[in-house]
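K.L.:
The following block contains the structure, expressed as structure tokens.
What follows is calculated from the coordinates using simple rules that are stated; it is not laboratory data. This structure is a prediction, so every number in the text was calculated from the model and none was measured. Note that we place each Cβ from the backbone using ideal geometry, even for glycine, and neighbour counts take in every protein chain shown.
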Amino acid sequence: MRITAVTCVKNEGPFLLEWIAFHRVIGVTDFLFYSNDCTDATDRLLDQLAAHSIVAHLPNPATNRNYQMQALKKCRRHPLIKNTNWVWVADVDEFLNIHVGDHTIPALIAACGDPQAISITFQFMANDGIETYQDTPVITQFLRSHNPDIWCAQTAIEVKSLVRGDFPLDYFGAHRPFHDEAKAQPTWSDGAGRPVPAPFRKCANKRRIRAFPAKGARAHATLNHYALRSLDSYLVKNDRGDVNREHRAFDDTYWRERNDGAYFDDSILRYADSLAAEMERLKALEGVGALHAECVALHRAKRDALLAQDDYRQMRDQLRGAAPFAAAEMAILDELGLPPQVPA
């Protein structure tokens, strides 16, 4: 089975080897990376991995700041996508934690009954008070999240999707595939093998195209989303922007929404040993280990440069003191007259 992961990156160098190694462990066979405007050796590391036939790497084809969507619309014509069995569209801070069989993507597909698409629900992993960037796997550092069924007072949580090659595709979206509803109704499950809700299928319903109720939806798989990582890395991420908007500001609203650590979940550690072995194998390839080390050094140098600026020191201090609850949750607590309870 050929499974191709597609992603867009900018200045993700220190995290690339972990993400690639992890996905190789869970069954991804091919990788298609699009990069833009990298200053931390991300592009050079990807080129070196491409020279070893580990990934395919292309410049992002975007003609404006909508980097991700333009790349996703372009990618369907790439030979890797044309010749694959499944496409997995995800970001480098997202890790598919599979709970069934041998914990691989083929096991997930089998458990869901081999539909034409599987949409897996996010679980946002909190920063949990970790300030300093460490060159160790992200999945081993951050083990707390919100209550799996509720995020920011919402019971509908975003998803990312695996798409089978015969899905009647118009184009890939960042969260789900799109198709002509009048012509086809593909088989489509959530991460528990259940049919996705009807409102989610209807892309005309703009409020529902990226999310559906999370309760019971992760029986076979969870999508761990490490949107914050360490405070150091979060500051660098804020400086970078993201693949959709060049100068998006991640203020403390974004941080608070993703820093609810009420729930402990270390189930993804089942992959830790296999991940470490695969990372070492990749680092041993000629030139790869040295470029990874350069990415790490440049990441730390960027952090130091940012913290030499008053506004970034103020941002760091603001985030250190930010309440670990989203504004919507704080409003509910205020209405009930209850003090916030910070998890131990």
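K.L.:
Could you give log10 I(q)/I(0) at q = 0.10, 0.11, 0.14 Å⁻¹ for the chain, computed by the Debye formula over C-alpha point scatterers of equal weight, without solvent?
P.N.:
Once normalised to I(0) and log-transformed, intensities are -0.59, -0.73, -1.22.
K.L.:
Does the range 69-180 come out rounded, prolate or oblate, given a ≥ b ≥ c as the square roots of the eigenvalues of its C-alpha gyration tensor, rounded meaning a/c under 1.5 and, failing that, prolate meaning a/b above b/c? Walk me through the numbers on the way to the answer.
P.N.:
On the way: a/c = 1.76, a/b = 1.65, b/c = 1.06.
Since a/c reaches 1.5 and a/b is larger than b/c, the shape of the range 69-180 is classed as prolate.
K.L.:
Cut-off is 10 Å between beta-carbons; in what order do ILE118, ILE157, ILE150 appear when sorted fewest neighbours first?
P.N.:
Ranking ILE118, ILE157, ILE150 by Cβ neighbours within 10 Å, fewest first, gives ILE150, ILE157, ILE118.
K.L.:
Then there's this: What FRET efficiency comes out for THR29 versus LYS183 if R0 is 41 angstrom and r is the Cβ-Cβ distance? Round to the nearest 0.05.
P.N.:
Efficiency computed from Cβ-Cβ geometry: 0.85.
K.L.:
Determine the calculated [θ] at 222 nm for the chain from helices alone, applying -39500 (n - 2.57) to every DSSP H run no shorter than 4 residues and normalising by the residue count; nearest 500 deg cm²/dmol.
P.N.:
Numbers: 13 runs with 120 residues, N = 344.
Dividing the helical sum by the residues of the chain leaves -10000 deg cm²/dmol.
K.L.:
Using the Karplus curve 6.51 cos²θ - 1.76 cosθ + 1.60 with θ = phi - 60°, work out ³J(HN,Hα) for each residue of the range 149-160 in order, rounded to whole Hz, and write x for Gly and Pro.
P.N.:
Each residue's phi maps through the Karplus curve to give 8, 9, 9, 6, 6, 10, 9, 9, 10, 5, 10, 10 Hz.
K.L.:
If you don't mind, there's one more thing I want to ask. If each residue of separation counts as 0.36 nm, what is the full-extension length gain between ALA198 and THR155 once their alpha-carbon separation is subtracted?
P.N.:
Extending this stretch completely gives an extra 13.8 nm.
K.L.:
Name the long-range amide H neighbours of ASP190: under 5 Å, sequence gap of 5 or more, or other chain; modelled H, no Pro or chain starts.
P.N.:
Distant-sequence amide H within range of ASP190: SER119, VAL196.
K.L.:
Moving to a separate point now. Under the rule of at least 5 residues apart or a separate chain, name every residue whose amide H is placed under 5 Å from the amide H of GLN123.
P.N.:
Correct list: LEU223, ASN224, HIS225.
K.L.:
Using the basic label-point model (7 angstrom from Cα toward the beta carbon), what is the LYS215 to THR39 distance in nanometres?
P.N.:
4.8 nm
K.L.:
Further, regarding this structure: Say the cut-off is 23 Å between C-alpha atoms; which of LYS73/LYS183; LYS74/LYS302; LYS73/LYS160; LYS82/LYS160 go over it?
P.N.:
Long pairs (Cα-Cα over 23 Å): LYS74/LYS302.
K.L.:
Further, regarding this structure: By count of other Cβ within 10 Å, fewest leading, how are TYR226, TYR171, TYR133 ordered? Provide the component values of the computation, followed by the final result.
P.N.:
Details: TYR226 24, TYR171 13, TYR133 20.
Fewest-to-most Cβ neighbours within 10 Å comes out as TYR171, TYR133, TYR226.
K.L.:
Short version: ³J(HN,Hα) in whole Hz for each residue of the range 40-50, in order, from phi by Karplus 6.51 cos²θ - 1.76 cosθ + 1.60 (θ = phi - 60°), x for Gly and Pro, what are they?
P.N.:
Coupling constants for the range 40-50: 10, 6, 3, 5, 6, 5, 5, 4, 5, 5, 5 Hz.
K.L.:
Quick one: which residues, 5 or more positions from HIS99 or on another chain, have an amide H under 5 Å from its amide H? H modelled 1.01 Å from N in the peptide plane, none for Pro or chain starts.
P.N.:
ALA221, THR222
K.L.:
A further question follows. Sort LEU269, LEU162 so the one with the fewest other Cβ atoms within 10 Å of its own Cβ comes first.
P.N.:
Working: LEU269 14, LEU162 27.
In increasing order of surrounding Cβ atoms, one gets LEU269, LEU162.
K.L.:
Pop the C-beta distance of ASP170 and ARG2 into the FRET formula with R0 = 25 Å and round what comes out to the nearest 0.05. Before the final figure, lay out each step's value.
P.N.:
Details: r = 22 Å, r/R0 = 0.88.
Calculated value: 0.70.
K.L.:
On full extension of the chain, what length is gained from THR63 through ALA301, given 0.36 nm per residue of separation minus the C-alpha to C-alpha distance?
P.N.:
Taking 0.36 nm per residue and subtracting the Cα distance, the gain is 82.7 nm.
K.L.:
Which ³J(HN,Hα) values in Hz, rounded to whole numbers, follow from the phi angles of the range 99-104 under the Karplus curve 6.51 cos²θ - 1.76 cosθ + 1.60, where θ = phi - 60° and Gly and Pro get x?
P.N.:
Once θ is set to phi - 60°, the couplings for the range 99-104 become 9, 10, x, 8, 6, 10 Hz.
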